[in-house]
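Contents: one structure, followed by commentary.
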Amino acid sequence: MLEENIKKNYERWLKRVTDSDLLSELQSMDENKINDAFYRELEFGTAGLRGVLGAGTNRMNIHVVAQASQGLADYVNKNYKPEDRKIAISRDSRLNSDLFANIAAQVFAANGIKVYIYPYITPVPVLSYAVRYYKCAAGVMVTASHNPSKYNGYKVYGPDGCQMTTQGSKDVYDNIQKIDIFDDVKIISIDEAFDKGLVEYIPPKVLTAYIEDVKKLSMVGNEKINKDFSIVYTPLHGAGLVPVTRILKESGYKKIVVVKEQEFPDGHFTTCPYPNPEIREAMEVGMKYAREYQADLLVATDPDSDRVGIAVKDGDDYRLISGNETGVLLFNYICERLTANNKMPAEAMAVKTIVSTDMVKKIADFYNVKIVDVLTGFKYIGEQILLLEQKGKEHNYIFGYEESYGYLTGTHARDKDAVNGAFLICEMFAYYKTHGQSIVEKLNELYDKFGYYLNNTYSFTFEGQEGFNKMANMMNNLRSQLEKGEFKCDRYLDYSQGLNGLPKSNVLKIYLNEDTSLIVRPSGTEPKIKFYISIRAKDHQQALSKEKVILEDIVNPLAKQ
């Protein structure tokens with residue numbers, strides 16, 4: 001039996017929706033589907049909106065996007081002077097991304113806000129760059145990042161090019177709550193918006209400026225390195241193709257093979273249902289190409305090109321390098337080169353998320369670099385850059401990363417940047433190759449020097465309202481067990497209390513012993529709960545043995561509650 005408010009909302013949508021696809025979907029819904037589509041409004045949080053495509057308040061559709069855009073427009077008009085009321089928009093290759101980007105532009109224009117919009121799919125970092133290039137009050141990236149094809153999303157950026165702050169998101173959300181999804185949205189046609197000069201396309205020179213700024217992040221200095229090696233690249237049907245291949249070719253890498261099956265935009269992600277370089281299956285077609293062409297390096301970027309994953313030749317086959325391992329390698333490479341070139345800032349600082357490997361801290365201590373830990377989400381890394389900028393110390397930032405394949409080595413963008421990542425990974429590969437060392441050999445050298453670290457993430461999916469409630473209960477039960485001392489551990493941190501000056505977050509970090517920790521957190525963008533296992537051991541085999549015990553005794557039982 002449907003709750004009365006859900007039933008009324010559904011019936012109102014039936015009367016008011018005119019889009020034929022949405023109306024057809026509404027008419028075909030049974031009670032379970034109606035409940036799932038209307039039991040809540042799609043939450044507008046620090047990552048904006050993200051959800052399954054379809055009809056209803058808990059779905060991504062033109063009405064939800066228009067309502068969010070009206071809320072953002074009200075926020076901009078309230079908080080910025082007329083001359084500063086500008087918003088940049090971009091999109092990736094997902095289903096309906098072009099439609100949602102245009103809807104947002106039409107709403108902003110109807111509210112008198114100047115819109116700069118890319119006429120083609122463009123990566124997250126290039127949108128972040130455009131926000132600052134045009135001195136915008138905000139930016140919108142239509143993307144669901146690495147999620148499966150049934151998802152899309154709406155990420156909002158502040159004037160610093162960073163995803164909107166917690167307070168900013170709350171203010172926009174408060175505005176959205178006041179807006180009737182059908183009656184209170186202002187909108188004009190896209191043609192009228194262009195005719196009035198309220199919307200204009202972002203020209204190619206902005207992408208060129210971005211690429212030139214990324215090139216300046218080279219760590220080689222005057223040393224010549226051997227770039228004569230083969231690279232297989234896949235954009236996983238997304239937005240990385242043009243900027244990644246362009247920057248590599250312009251930087252002297254000539255042996256680049258693009259994976260044909262994944263070269264062009266495909267919102268269905270036909271060859272990789274989970275277009276996430278974190279997932280081995282997403283890399284399989286690229287690995288096949290690497291074997292066929294005997295490539296030295298495989299590079300993959302996700303659909304909105306903010307994440308980058310790699311595999312390297314290791315003996316007769318290829319080894320996938322994890323996000324943590326790539327982060328460790330890049331951070332060490334940056335520290336090595338800055339030190340060798342006498343360019344290491346006196347107060348050098350790097351930023352990582354709390355779920356990323358603590359091995360970075362060992363390297364940081366060796367090079368006298370300060371490490372700042374932040375909550376999961378690259379926006380918190382962007383905020384640290386802004387804090388440095390406000391103090392006139394932006395130059396002290398040398399690296400930011402998260403274990404989920406997100407890296408940023410400069411301050412040109414304020415979100416993770418797979419173009420920047422791919423550029424520096426290829427340079428690092430070339431540098432070590434020039435000096436007779438492979439990536440795997442370098443990684444093993446670091447393990448010998450700083451200790452072996454195993455960091456793995458395990459995710460469990462819980463769909464719909466029932467899944468949402470189950471994850472909430474799981475966290476509540478675990479928190480209760482820890483508080484009562486019923487869970488055996490050395491100590492724990494509850495980030496819901498806002499620890500170490502960080503915002504409150506539904507995250508628990510449990511120290512099982514001195515060398516082993518377990519972090520538990522519900523994903524902010526997917527219907528998943530994630531378990532992050534971190535182990536320091538004498539070698540890989542010992543670490544695997546410890547991990548097996550944790551999975552069998554703790555993780556799997558918790559996930560089955």
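For region 29-70, what are the residues that are of a type in the set (Phe, Trp, Tyr) and open to solvent by 20 Å² or more (accessible area, probe 1.4 Å)?
Within region 29-70, just TYR39 meets the criteria.
Residue check: is PHE331 closer than 21 Å to TYR432 by Cα and open to solvent by 20 Å² or more (accessible area, probe 1.4 Å)?
no
Can you spot a residue in region 435-454 that is under 26 Å from LYS224 (Cβ atoms) and either within 23 Å of the chain's Cα centre (by Cα) or among the small types (Gly, Ala, Ser) (or both)?
There is at least one residue in region 435-454 that is under 26 Å from LYS224 (Cβ atoms) and either within 23 Å of the chain's Cα centre (by Cα) or among the small types (Gly, Ala, Ser) (or both).
Go through region 104-128 residue by residue and tally those that are of a type in the set (A, V, I, L, M), farther than 15 Å from TYR201 by Cα and out of contact with any Asp or Glu (no Cβ under 6 Å at 6 or more places or on another chain).
So the count comes out to 2.
Taking region 344-375 on its own, how many of its residues are open to solvent by 20 Å² or more (accessible area, probe 1.4 Å) and assigned to a strand (DSSP E or B)?
4
Find the residue count for region 180-208, including only residues that are touching a strand residue (DSSP E or B) at 6+ places or on another chain (Cβ under 7 Å) and of a type in the set (Phe, Trp, Tyr).
1
Need a quick list: helices (runs of 4 or more DSSP H) entirely within region 444-561 having at least 3 residues that are surrounded by fewer than 13 Cβ atoms within 10 Å (Cβ to Cβ).
464-483, 540-550
Which condition number does VAL17 fail, the rest of (1) among the aliphatic types (A, V, I, L, M); (2) within 15 Å of GLN67 (Cα to Cα); (3) open to solvent by 50 Å² or more (accessible area, probe 1.4 Å) being met?
Failed condition: (3).
Can you tell me which residue among TYR151, TYR157 is within 16 Å of SER305 (Cβ to Cβ) and either modelled with pLDDT of 95 or more or within 16 Å of the chain's Cα centre (by Cα) (or both)?
The match here is TYR157.
Could you please tell me which pairs satisfy a Cβ distance under 9 Å, a separation of 6+ or placement on different chains, a first residue in region 198-215 that is closer than 23 Å to PHE423 by Cα, and a second residue that is part of a strand (DSSP E or B) and open to solvent by 20 Å² or more (accessible area, probe 1.4 Å)?
VAL206/TYR116
Can you name the condition, by its number, that TYR401 falls short on among (1) outside any loop (DSSP other than H, G, I, E, B); (2) open to solvent by 10 Å² or more (accessible area, probe 1.4 Å)?
Here TYR401 clears every test but (2).
Look at SER128 and say whether it is in contact (Cβ under 8 Å) with a residue 40 or more places away in the chain, hydroxyl-bearing (Ser, Thr, Tyr) and either over 19 Å from LEU53 (Cβ atoms) or touching a helix residue (DSSP H, G or I) at 6+ places or on another chain (Cβ under 7 Å) (or both).
yes
So which residues in region 432-443 are open to solvent by less than 10 Å² (accessible area, probe 1.4 Å) and farther than 29 Å from ARG536 by Cβ, if there are any at all?
Of everything in region 432-443, nothing turns out to be open to solvent by less than 10 Å² (accessible area, probe 1.4 Å) and farther than 29 Å from ARG536 by Cβ.
Take PHE429 and decide whether it is touching a residue at least 24 places away in the same chain (Cβ under 8 Å), crowded, with 24+ Cβ neighbours inside 10 Å and assigned to a strand (DSSP E or B).
For PHE429, the condition - touching a residue at least 24 places away in the same chain (Cβ under 8 Å), crowded, with 24+ Cβ neighbours inside 10 Å and assigned to a strand (DSSP E or B) - is not met.
The values are calculated or read from the model by the stated rules, or taken from the named source; none is laboratory data. Given the structure is predicted, the values throughout are model-derived calculations rather than measurements. Here the Cβ is made from the backbone with ideal geometry for all residues, glycine too, and neighbour counts use every protein chain on show. Remember, those area values only see protein heavy atoms, side chains included, never the ligands or the DNA or RNA. Shrake-Rupley method; radii C 1.70, N 1.55, O 1.52, S 1.80 Å.
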